[in-house]
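In what follows, a structure is listed as structure tokens, so that the remarks can point back to it.
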Amino acid sequence: MWPLLIDKAKQGGIDAIETYVFWNAHEPQQGQYDFSGNNDLVRFIRTIQEQGLYAILRIGPYVCAEWNYGGFPVWLHNIPGIEFRTKNKVFMDEMEKFSTLIINMMKEYELFASQGGPIIIAQIENEYGNIKGSYGQAGNEYVKWCADLALSYNLSIPWIMCQEDDAPQPIINTCNGFYCDQFKPNSKNSPKMWTENWTGWFKAWGSRDPLRTAEDLAFAVARFFQYGGTLQNYYMYHGGTNFGRTSGGPYITTSYDYNAPLDEYGNTAEPKWGHLKQLHDLVKSMEEVLTYGEVNHTEYGHLTTATSYTYKGKSSCFFGNAENGDRDITYGNRTYKVRGWSVSILPDCKTEVYNTAEVNTQTTIREKVSSQVGNFKEPMQWQWRDEKIEFVSREGEVTDCAMTANRLLDQKVLTNDSSDYLWYITSFHLSGSDPLFGKNVTLRVKTSGHILHAFLNGRHIGSQHAQKDKYSFVFEKKISDLLYGFNQISLLSATVGLANYGAHFENSEVGVHGPVELIADGETIRNLSSNEWYYKVGLDGEKSEFFNPNCQLREPWNYGNLPLNQNFVWYKTTFQTPSGSEAVIVDLMGMGKGHAWVNGLSIGRYWPSYLSIENGCSSSCDFRGAYSDGKCATNCGKPTQRWYHIPRSYLNCEGENTLILFEEFGGMPLDIDIQTTRVKKVCAMPYAGSTLELSCHDRTISDIKFVSFGNPHGTCDSFQKGSCESSTALSVIEEACVGQRECSIEVSEKNLGPTGCKKPNRLAVQVTC
């Protein structure tokens, strides 16, 4: 997808692609490197260069990014004496080794701008200033060491540190956030840069869908350049998908759509993409005067400012209003209305060409459609097999045991991030004189799992998962079938992404840390925390590669008697590759929680049974006022994520594909459906004086559902005519658009006909694709 995504970014007016470098992806085991396939960093940078764009390389190597463990490999944590992101020789030696590897690789292929390559800026560390205070003087010394390391590479390109107010010169400190117009670099020699303009927000299991409006995002961008900004980067312009086990958090969803201008599947998210494209084109047309011009600010009070840039007799202006109400201002003997929470741009300081609050581009509504053609939907044919439940024999043997210990160990120490799952297994004997014998007994386990499945003598007795933002919990379950003599407790702990942010986040406990107790009559009768514990990493199905359709298994998959709503089951089916080029997704509604693979390639964790919170959503959204991730949210009370992306590169061009699921909680696979996304309808409400570009993308405009040019009101699907309108607009648009994939409409009375309206005209249009 790289060339297509980069091309769409370029079409949207983007000049440079910014990327992190993920240490845990490139060095999953110490000293073992992977730069193949999607990890081919050189090929990615070269693809950017082939499109004629620049690159910004954020080496970190800490990246945050809601990525598992913040991009650090877990083996790093297991090195004796290490402390992350501070003046610690063990950590700094490893960081320098990896950073140098990346720098030398880029140098070898001549990818830095000083070598004629596309990389114009490099970043060391990431948002360290947010947590530096927790490290005291050692944190200050670490920042200096990072700067010295960066400069030692002699790249002859700028180095940056984001969110680091005291970045040593000549390192440039930069801003991250929803708004950075008031940010000032720490040196007059440093340009004003915005490394992360958050286009929306990420999702966690249990959270609502974020929405940052096109109007607010454009307002933030325009205001940044009004106040002297030089470089602004979107985080994210395309967020994509957390395939495999890459999502962090904990509890970050597989989707990383981020409400970005290019959605998870690579489609243009409109109106955001189009509204920003118009802004980019306009700002770049003013590049010379904004770069070299003399700046003058005129304050009108109420957070309203006119800013002019003048160079070689040419002037360009921004009129900004950071209050919610509209404001009338006088500038150059003319009166202008500046809408609330908006910026007007006048390239000649006379005529307004763009206002961030006035969207003149289309809104595209997409739908998900089953890939099966026709009225009859043929159900998928499923095979299945059980996951093995671990059991220690009376002789104390367990197959593939990682180790034994007389204490409870942290999960990431043992798994080394090779699996979400770790078995904790212990046993005890019960005699007739035991205080537990004949009593009502409860198993109590304190865990930071984030999920716990408990078994007694091989029988599942209960499961529990943490709630969002509360990742430690106590599991309690009554057990009434203890055996005389030998008894075994098996605890399967599962993680859902490792912590990726905060001071000392690497030390966050994961797994069963105890105590593990047997309770009777309200008292702890037996504390098993110091028992001999057997540890086994991962699932039997992971080791045997049940997810790989080409793997030869000792026992065949089962047909018939399909288990439903049963936990710890592997499911397998096949499907045909959908025709066309539209994005492919799988609808997993009805399933519980687990992991999915297509043709042996992971498409990530799934958890459609985890519903988003029920409160805080609204059917309307006012773009005015500062944005936060809870504003304008949607999808309350529905599955946090129901649909999962299957890249077409994962699919066979001809023949069948294999879908394999590991279901952890229990689900109903019968309604699973392979679908594609397509444009269903397009709406727009541009102002007179603009040119509307309508497009159904890969489909044609089949019908005009609504047209009114005058003073219409409403939104898509609820447009209504006003008190005045043109009588010829419909016929003009029908002739120009029906049967076409795209059409261009000049929004004017000259083209669409007179309206008789006293106020400025608008066009409302909705078409079916």
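Right, LEU763: of a type outside the set (Phe, Trp, Tyr), touching a helix residue (DSSP H, G or I) at 6+ places or on another chain (Cβ under 6 Å) and open to solvent by less than 70 Å² (accessible area, probe 1.4 Å) or not? Even if it seems obvious, please write down each step before you answer.
Working: of a type outside the set (Phe, Trp, Tyr): yes; touching a helix residue (DSSP H, G or I) at 6+ places or on another chain (Cβ under 6 Å): no; open to solvent by less than 70 Å² (accessible area, probe 1.4 Å): yes.
Here the answer is no, as LEU763 does not meet what is asked.
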Legend entry - Which listed residue is of a type in the set (Val, Ile, Thr) and either within 24 Å of the chain's Cα centre (by Cα) or open to solvent by less than 30 Å² (accessible area, probe 1.4 Å) (or both), from VAL295, VAL283: VAL283
Legend entry - Hits in segment 49-58 - residues which are more than 21 Å from the chain's Cα centre (by Cα) and open to solvent by less than 30 Å² (accessible area, probe 1.4 Å): LEU53
Legend entry - Verdict on THR573 being assigned by the TED database to the domain that holds MET380, more than 28 Å from the chain's Cα centre (by Cα) and within 28 Å of ARG678 (Cα to Cα): yes
Inset, instruction - Considering only residues that are out of contact with any Lys or Arg (no Cβ under 8 Å at 6 or more places or on another chain) and open to solvent by less than 30 Å² (accessible area, probe 1.4 Å), look in segment 680-697 and name the one that is farthest from LYS750 (Cα to Cα). - result: VAL682
Inset, instruction - Looking only at segment 261-281, count how many residues are assigned to a loop (DSSP other than H, G, I, E, B) and under 29 Å from LEU346 (Cβ atoms). - result: 4
Inset, instruction - May I ask you to verify whether GLY249 is closer than 20 Å to PRO639 by Cα, open to solvent by 10 Å² or more (accessible area, probe 1.4 Å), not assigned by the TED database to the domain that holds ILE6 and not aliphatic (A, V, I, L, M)? - result: yes
Legend entry - Options LYS97, LYS132; residue that is crowded, with 16+ Cβ neighbours inside 10 Å, closer than 21 Å to ILE82 by Cβ and basic (Lys, Arg): LYS132
Legend entry - Flag if THR677 is surrounded by fewer than 19 Cβ atoms within 10 Å (Cβ to Cβ) and modelled with pLDDT of 95 or more: no
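How many of the residues in segment 66-94 are assigned to a loop (DSSP other than H, G, I, E, B) and open to solvent by less than 10 Å² (accessible area, probe 1.4 Å)? Walk me through how you get there before you give the answer.
Kept after step one, since they are assigned to a loop (DSSP other than H, G, I, E, B), are these residues of segment 66-94: 66, 72-73, 78-88.
Narrowing further to those that are open to solvent by less than 10 Å² (accessible area, probe 1.4 Å): 72-73, 84-86.
Final tally of qualifying residues: 5.
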Inset, instruction - Starting from segment 3-24, take each residue that is within 30 Å of HIS77 (Cβ to Cβ) and list its partners that are open to solvent by 30 Å² or more (accessible area, probe 1.4 Å) and charged (D, E, K, R), counting only C-beta distances under 7 angstrom and pairs at least six apart or across chains. - result: none
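Among strands (runs of 3 or more DSSP E) lying entirely in segment 653-769, which contain 2 or more residues that are more than 36 Å from the chain's Cα centre (by Cα)?
Details: elements: 656-663, 673-684, 691-695, 703-710, 742-746, 762-768.
Filter on segment 653-769 gives 703-710.
So, in segment 169-192, how many residues would count as being buried (at least 20 other Cβ atoms within 10 Å of the Cβ) and under 29 Å from LYS107 (Cα atoms)? I'd like the intermediate steps shown before the answer.
Of segment 169-192, the ones buried (at least 20 other Cβ atoms within 10 Å of the Cβ) are 171-176, 180-181, 192.
From the residues that got through so far, the ones that are under 29 Å from LYS107 (Cα atoms) too are 171-176, 192.
Residues meeting the conditions: 7.
The values are calculated or read from the model by the stated rules, or taken from the named source; none is laboratory data. Values in this document were obtained by computation on a predicted structure and should not be read as measured data. Counting neighbours? That spans all protein chains shown, and the Cβs are built from the backbone with ideal geometry, glycine included. Heads up: the accessible areas ignore ligands, DNA and RNA and are worked out on the full protein's heavy atoms, side chains in. Shrake-Rupley method; radii C 1.70, N 1.55, O 1.52, S 1.80 Å.
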